[in-house]
1. How high is the relative contact order of the stretch 42-88, in percent, counting Cα pairs under 8 Å that sit 6 or more residues apart?
2. For labels at ARG83 and LEU24 in the simple 7 Å Cα→Cβ model, what's the distance in nm?
3. Before anything else, pin down the relative contact order of the stretch 3-90: Cα pairs under 8 Å, at least 6 apart, normalised by residue count, whole percent.
4. Considering only the other residues whose Cβ falls under 13 Å of the Cβ of LEU24, what net charge follows from Lys and Arg at +1 and Asp and Glu at -1?
Amino acid sequence: MTARRQRHARGTRRPGEEWQESALCRLHDARHFFPSQGGSVRTAKQVCRRCPVWIECLDQAMRTGERWGVWGGASEEERQRFRVAAAHDRRPTSETTEEPCRRPRC
């Protein structure tokens, strides 16, 4: 169990993390959510699919840049793909970066 998981397991929460009290992962071995390299995340994802707070969990992982483990049903690789897609969506389009037309009735 990581130091982060141990701290949460003892019940010391930061403001806004109260949702973790309802997380189903608290009832399971942390190794399912933080498998060794190449390990299966199948069990973790099954738990997450039934969890009432998976959205809050995934939101926190994305906001904080969590790099390890399964959070909100998403693996490290899946969250990285979400970040890349979100960054792509935030890129300015050519319409917003072009110089404005100075001619009348462009």
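Computed from the coordinates by the stated procedures, all read-outs in this text should not be read as laboratory data. Remember, predicted model here, so these are calculated numbers, not experimental data. Positions of Cβ are backbone-derived with ideal geometry, glycine not excepted, and every protein chain shown enters the neighbour counts.
1. Numbers: 34 pairs, mean separation 16.9, N = 47.
Averaging sequence separation for qualifying contacts and normalising by length gives 36 percent for the stretch 42-88.
2. A separation of 2.7 nm, rounded to one decimal place.
3. Working: 72 pairs, mean separation 21.4, N = 88.
With pairs under 8 Å counted, the relative contact order is 24 percent.
4. Working: positive: ARG26, LYS45, ARG49, ARG50; negative: GLU21, ASP29, GLU56.
Neighbour charge sum, excluding LEU24 itself: +1.
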